[in-house]
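Read the structure below first, then the notes.
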């Protein structure tokens, strides 16, 4: 086929248009050129460039987004082409993977054909599309093009048959899928007509290779009764239909969510290279000089926060995993990003002068809808549990919930607008350094009778055991603190507690939006830590763990912070803690991944290894576990707020525990322990299910479960307002 095959392929890709080819070729070039002009005009008409102007004028501070450019580039390439995040959800991931790679294959094929027919052959008279290369390219394009059709059909089935509740439904969504399907089908039909006209005849040199275009060959059977003239005439008509449709699709991209084709890779490249989703830094001196705190104007966000809206393809992954949405709260993280994008565009129209210059409109001059309240409702802002499920799920690496925290900051610190019950929490933190407002002088009472070493007496220790407010004041979690203290002593760990010198970590204040109270608490702790030269800290609460490990660094507190499950796992594996006997009555055990321990800090294996080491019951997983774990509902300060809208998050999680077949749900977080224990009581499941903290179980298995003097005492309520 060396010679004749080359002639066939040249006829297929070059001469098939007929005698008027040179004129039609010029027309095609003009159409392509015009298409790209209309594409850029479409970007302007759709407000894309206007929104970028708004992003360029954003005033918010930014983290480094260009450091290690090659690492960023290759991360982006592997993420985009490997669908690292998208394939976490099999059905959606597979159909997007098929569509993506189908278009990549067809784009590569089209580019090669263009180079061959329009550049290389006219200039150098070299025809390389022959023999094995031609056949391989044909098979490559057909297989991946066929997979793209399968992907589109799967996407259509999800939109019109499966119809998940979280799926966004806008007019363009169906248009996109049918448009792509039409382009693919007309392309394969054109190929089938060409195959029927030039390759199925046994005398054709391509006859023995016709199945290297399997999809086209299969469709060609439909045209087996047509004459050669009819085949060629129909081919010309459909070829132009296909080309014009493809060019129209390129223009359509500029007006639709398909702009994510370009913007999502950019967003992945610009992802923050930090261990935690960053919040706008508020240095202590800011409280003396700043006129406003938090964000209420969209321009107060960073440029990247605004660009996030251009990368969002409204896929709904963030909504699908959001605990607020799944319990009928008015929060859809996708809509927060999209509403913000719409607001930016509408406000930007008023902010651009006649000469095209963008200027930020002062509050007193802006008469349009407000950002807080009108664009993003207050109930939406307060519904967030900061569980980070949206960030973890987003294939475009958009940071959704930090944008809500910034709005909370403004509402709390500028407008004193927050749920009424939070007022007592703030007062308790300010007056007694704990959200229960229990007298600070009883913070160490949980340890009475246990001979737990104090930093003030010992002078220093390898580890500071930072108990936290729950371990010190909450009846349920005081048992956990007692268990840990006994375990650490039995293992010979060099540790001490601060006792009454310990203060609240401030996590809830920070996530609620009261940065001022948070920093006051944090600075007091940092001063105390530094006075004892603390370098290593064991925390009981994942919220304190995360706050001390990352947030304190912004205030000069740099410590090596570990969660108690990491220490217990290490002590058990080193043989310093011996789990003497199985614990009766646990049944099947499931583990609830705390959001702040799991998604925030990737501590997944240690708690499970501890449970397995107990040898007291089989470990089963819930439907939502590890990075997909479902929130208990207490994060983001929601622990202290009434849950008036929708159903209770902790009850939904409790039902997931029941569905797993477990009899015992293990936790490693005071908030989770409390919320799941409450969920079991609220649903009246006490006879079927129990919640247990891992530390309590380890103490029992090690024979250390004797109670301390004050472990089960009622909180000193008489002291609640004494200080």
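What the table below lists for this structure:
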| item | result |
| --- | --- |
| Selected residue (only one of 197, 192 is touching a helix residue (DSSP H, G or I) at 6+ places or on another chain (Cβ under 7 Å), modelled with pLDDT under 90 and outside the structural domain of residue 314 (by TED's automatic domain parsing)) | 197 |
| Qualifying residue in region 44-61 (condition: under 22 Å from the mean Cα position of the chain (by Cα), in a loop (DSSP other than H, G, I, E, B) and at pLDDT 90 or above) | no |
| Test: residue in region 107-125 that is in a loop (DSSP other than H, G, I, E, B), over 25 Å from residue 210 (Cβ atoms) and either over 29 Å from the mean Cα position of the chain (by Cα) or in the same structural domain as residue 32 (by TED's automatic domain parsing) (or both) | yes |
| Residue in region 566-585 that is modelled with the lowest pLDDT, counting only those that are assigned to a loop (DSSP other than H, G, I, E, B) and in contact with a helix residue (DSSP H, G or I) (Cβ under 9 Å, 6 or more places away or on another chain) | 581 |
| Hey, residue 438 touching a helix residue (DSSP H, G or I) at 6+ places or on another chain (Cβ under 8 Å), crowded, with 22+ Cβ neighbours inside 10 Å, part of a loop (DSSP other than H, G, I, E, B) and assigned by TED's automatic domain parsing to the domain that holds residue 303 or not | no |
| Some residue of region 482-500 being within 30 Å of residue 402 (Cβ to Cβ), assigned to a loop (DSSP other than H, G, I, E, B) and in contact with a strand residue (DSSP E or B) (Cβ under 9 Å, 6 or more places away or on another chain) | no |
| Helices (runs of 4 or more DSSP H) contained entirely in region 208-295, each with at least 2 residues that are closer than 30 Å to residue 81 by Cα | 214-220, 228-255, 260-269 |
| Residue within region 506-521 that is without any contact (Cβ under 8 Å) to a residue 60 or more places away in the chain and over 23 Å from residue 402 (Cβ atoms) present | no |
| Close pairs (8 angstrom Cβ cut-off, 6 or more residues apart or separate chains): without any contact (Cβ under 8 Å) to a residue 60 or more places away in the chain in region 46-60, part of a helix (DSSP H, G or I) anywhere | 49/43 |
| Flag for residue 298 being in contact with a helix residue (DSSP H, G or I) (Cβ under 7 Å, 6 or more places away or on another chain), under 30 Å from residue 81 (Cα atoms) and either surrounded by fewer than 18 Cβ atoms within 10 Å (Cβ to Cβ) or touching a residue at least 12 places away in the same chain (Cβ under 8 Å) (or both) | no |
| Selection within region 156-207 - surrounded by 15 or more Cβ atoms within 10 Å (Cβ to Cβ) and assigned to a loop (DSSP other than H, G, I, E, B) | 166, 167, 168, 199, 200, 204, 205, 206 |
| Any hit, region 674-686, residues being part of a strand (DSSP E or B) and either within 19 Å of residue 603 (Cα to Cα) or touching a residue at least 60 places away in the same chain (Cβ under 8 Å) (or both) | no |
| Scan of region 607-641 for residues that are free of Cβ contacts under 8 Å to residues at least 60 places away in the same chain, within 25 Å of the chain's Cα centre (by Cα), in a helix (DSSP H, G or I) and at negative phi, ordered by number | 608 |
| Residues located in region 586-606, provided they are at positive phi and either more than 28 Å from the chain's Cα centre (by Cα) or at pLDDT below 95 (or both) | 587 |
| Tally, over region 446-462, of residues that are out of contact with any helix residue (DSSP H, G or I) (no Cβ under 8 Å at 6 or more places or on another chain) and in contact (Cβ under 8 Å) with a residue 60 or more places away in the chain | 5 |
| Count of residues meeting criterion [touching a helix residue (DSSP H, G or I) at 6+ places or on another chain (Cβ under 8 Å) and either in a helix (DSSP H, G or I) or outside the structural domain of residue 464 (by TED's automatic domain parsing) (or both)] in region 552-565 | 4 |
| Which numbered condition residue 508 fails, given (1) part of a loop (DSSP other than H, G, I, E, B); (2) out of contact with any strand residue (DSSP E or B) (no Cβ under 9 Å at 6 or more places or on another chain); (3) crowded, with 22+ Cβ neighbours inside 10 Å | (1) |
| Any hit, region 74-84, residues being under 27 Å from residue 243 (Cβ atoms) and loosely packed, with under 13 Cβ neighbours inside 10 Å | no |
| Residue match in region 279-295 (condition: touching a residue at least 12 places away in the same chain (Cβ under 8 Å), closer than 30 Å to residue 624 by Cβ and either crowded, with 16+ Cβ neighbours inside 10 Å or assigned by TED's automatic domain parsing to the domain that holds residue 184 (or both)) | yes |
| Residue tally, condition modelled with pLDDT of 90 or more and crowded, with 23+ Cβ neighbours inside 10 Å, over region 333-363 | 5 |
| Region 86-97 residues that are touching a residue at least 60 places away in the same chain (Cβ under 8 Å), paired with ones that are assigned to a helix (DSSP H, G or I) (beta carbon under 6 Å, 6 or more apart) | 86/93; 86/96; 95/151; 95/154; 95/155 |
| Of all residues in region 458-470 being modelled with pLDDT of 95 or more and part of a helix (DSSP H, G or I), the one that is surrounded by the fewest Cβ atoms within 10 Å (Cβ to Cβ) | 470 |
| Restricting region 527-551 to residues that are in contact with a helix residue (DSSP H, G or I) (Cβ under 6 Å, 6 or more places away or on another chain) and in a helix (DSSP H, G or I), the residue that is nearest to residue 675 (Cα to Cα) | 543 |
| Residue in region 659-679 that is touching a helix residue (DSSP H, G or I) at 6+ places or on another chain (Cβ under 8 Å) and surrounded by fewer than 20 Cβ atoms within 10 Å (Cβ to Cβ) present | yes |
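A quick yes/no check of all residues on (1) within 15 Å of the chain's Cα centre (by Cα); (2) outside any strand (DSSP E or B); (3) touching a residue at least 60 places away in the same chain (Cβ under 8 Å):
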residue	(1), (2), (3)
326	no, yes, yes
343	no, yes, no
348	no, yes, yes
385	yes, yes, yes
399	yes, yes, yes
406	no, yes, yes
410	no, yes, yes
414	no, yes, yes
417	no, yes, no
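The values are calculated or read from the model by the stated rules, or taken from the named source; none is laboratory data. Remember, it's a predicted structure, so these values are computed and weren't measured experimentally. Don't worry about glycine lacking a Cβ; one is built from the backbone with ideal geometry, like all the others, and counts go over all protein chains shown.
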